[in-house]
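K.L.:
Sharing a structure, written as structure tokens. Questions coming.
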Amino acid sequence: MTPKLVLFDCDGTLVDSQQMIVATMTEAFTKLGHAPPDRAGVLSIIGLSLPEAVGRLDPSLDVARVALVAEAYRDTYQAMQFRLAETAPLYPGALDALRTLSGREDVLLGIVTGKSRRGLDAILETHGLTNLFSVLRTADDGPSKPHPFMVVDAMSALGGDASQTVVVGDTGYDMLMARAAGAFALGVTWGYNIRDELSQAGAQELADDFAEVPSLAMGLLGAKE
Ligand SMILES: [Mg+2]
């Protein structure tokens with residue numbers, strides 16, 4: 001039987017990593033003598049892969065400078081890892097919802113994120129989530145959101161099908177990626193984009209509370225909770 005796949009974004013969906021991302025990006029730009037981007041700018045690029053994000057934050061940087069800033073970001077982020085539990089906490093209700101979904105025999109969980117694999121592993125280990133997910137796709141694996149690659153590749157790894165797959169995310173990039181892959185798109189409103197942005201990008205349902213995620217996801221996939 002085709003498994004039902006629920007693929008989660010990480011930053012802004014599972015974990016509230018806003019503070020840490022803004023602080024890390026500010027330090028990366030400053031370290032290399034560039035003016036740091038403003039907070040709103042940084043929040044708008046969360047979800048993209050790192051080089052793409054840096055390039056958008058300062059379009060005047062050439063490819064080599066973008067690579068240096070991205071490297072400085074990774075170094076700084078690495079140095080902050082020992083504080084992840086406090087700087088990137090899980091959103092309220094996340095653990096219960098993940099356990100509800102992973103407890104179903106017909107469901108497999110995955111993560112599709114613009115983070116690096118190293119960054120994602122650290123988050124999952126910090127919060128004890130590693131064993132809940134059957135597939136992880138990161139910026140290390142292929143093209144950045146909103147390209148459908150991560151979703152398509154996760155489906156193919158687990159024998160899934162777009163008609164039985166839903167992406168749960170907090171940004172328009174997640175919704176665009178889901179729809180481009182032919183999967184369902186479930187937007188969450190506690191992250192970095194507002195309701196209108198999610199709807200315009202193709203969200204078919206919106207959750208305002210993590211407790212709603214299991215039933216909304218199963219509803220989209222045509223299954224009872
Ligand atoms: Mg996100």
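K.L.:
Can you tell me how many residues in the stretch 160-171 are in contact with a helix residue (DSSP H, G or I) (Cβ under 6 Å, 6 or more places away or on another chain) and more than 15 Å from the ligand (Cβ to nearest atom)?
P.N.:
2
K.L.:
Which one of the conditions (1) out of contact with any Pro (no Cβ under 9 Å at 6 or more places or on another chain); (2) closer than 19 Å to residue 221 by Cα; (3) surrounded by fewer than 22 Cβ atoms within 10 Å (Cβ to Cβ) does residue 166 fail to meet, given that it meets all the rest?
P.N.:
(3)
K.L.:
Take the residues in the stretch 172-214 that are touching a Lys or Arg at 6+ places or on another chain (Cβ under 8 Å) and open to solvent by less than 10 Å² (accessible area, probe 1.4 Å), then tell me which one is nearest to the ligand (Cβ to nearest atom).
P.N.:
174
K.L.:
While we're on this one: In the stretch 147-160, what residues are in a loop (DSSP other than H, G, I, E, B) and surrounded by 19 or more Cβ atoms within 10 Å (Cβ to Cβ)?
P.N.:
Within the stretch 147-160, 148, 160 qualify.
K.L.:
Can I ask one more? Write out, first by first residue and then by second, each pair whose Cβ atoms fall under 8 Å of each other, whose residues are 6+ apart or on separate chains, and whose first residue, in the stretch 177-197, is part of a strand (DSSP E or B) while the second is of a type in the set (Asp, Glu) and crowded, with 24+ Cβ neighbours inside 10 Å.
P.N.:
Close Cβ pairs (under 8 Å, with a partner that is of a type in the set (Asp, Glu) and crowded, with 24+ Cβ neighbours inside 10 Å) amount to 185/174; 187/170; 187/174; 188/170.
K.L.:
I would also like to ask the following. Can you tell me which residue in the stretch 215-225 is most open to solvent (accessible area, probe 1.4 Å), limited to those that are in a loop (DSSP other than H, G, I, E, B) and out of contact with any strand residue (DSSP E or B) (no Cβ under 8 Å at 6 or more places or on another chain)?
P.N.:
The initial filter retains those residues of the stretch 215-225 that are in a loop (DSSP other than H, G, I, E, B), namely 221-225.
Going one step further and asking which of them are out of contact with any strand residue (DSSP E or B) (no Cβ under 8 Å at 6 or more places or on another chain), we end up with 222, 224-225.
On the way: 222: 71, 224: 176, 225: 143 Å².
Checking each candidate, the answer is 224.
K.L.:
Tell me whether the stretch 66-83 contains one or more residues that are of a type outside the set (Ser, Thr, Tyr), more than 16 Å from the ligand (Cβ to nearest atom) and touching a strand residue (DSSP E or B) at 6+ places or on another chain (Cβ under 6 Å).
P.N.:
No, the conditions are met nowhere in the stretch 66-83.
K.L.:
If residue 144 meets every condition in (1) assigned to a loop (DSSP other than H, G, I, E, B); (2) away from the ligand (no atom under 14 Å from the Cβ) apart from one, which number is that one?
P.N.:
Here residue 144 meets the rest and fails (2).
Matching residues to (1) modelled with pLDDT of 95 or more; (2) touching an Asp or Glu at 6+ places or on another chain (Cβ under 8 Å):
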site: 163; (1), (2): yes, no
site: 183; (1), (2): yes, no
site: 187; (1), (2): yes, yes
site: 194; (1), (2): no, no
site: 202; (1), (2): yes, no
site: 214; (1), (2): yes, yes
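K.L.:
Right, something else. In the stretch 160-201, how many residues are within 14 Å of residue 149 (Cα to Cα) and of a type in the set (A, V, I, L, M, F, W, C)?
P.N.:
Of the residues in that region, 9 qualify.
K.L.:
Something else: Could you please give the count of residues in the stretch 101-128 that are touching a residue at least 40 places away in the same chain (Cβ under 8 Å), touching a helix residue (DSSP H, G or I) at 6+ places or on another chain (Cβ under 8 Å), not charged (D, E, K, R) and not in a strand (DSSP E or B)?
P.N.:
9
The values are calculated or read from the model by the stated rules, or taken from the named source; none is laboratory data. These figures come from a predicted structure and were not determined experimentally. So basically every Cβ, Gly included, is an ideal-geometry build from the backbone, and we count neighbours across all protein chains shown. Quick note on the areas: whole protein, heavy atoms, side chains included, nothing else; ligands and nucleic acids left out. Shrake-Rupley method; radii C 1.70, N 1.55, O 1.52, S 1.80 Å.
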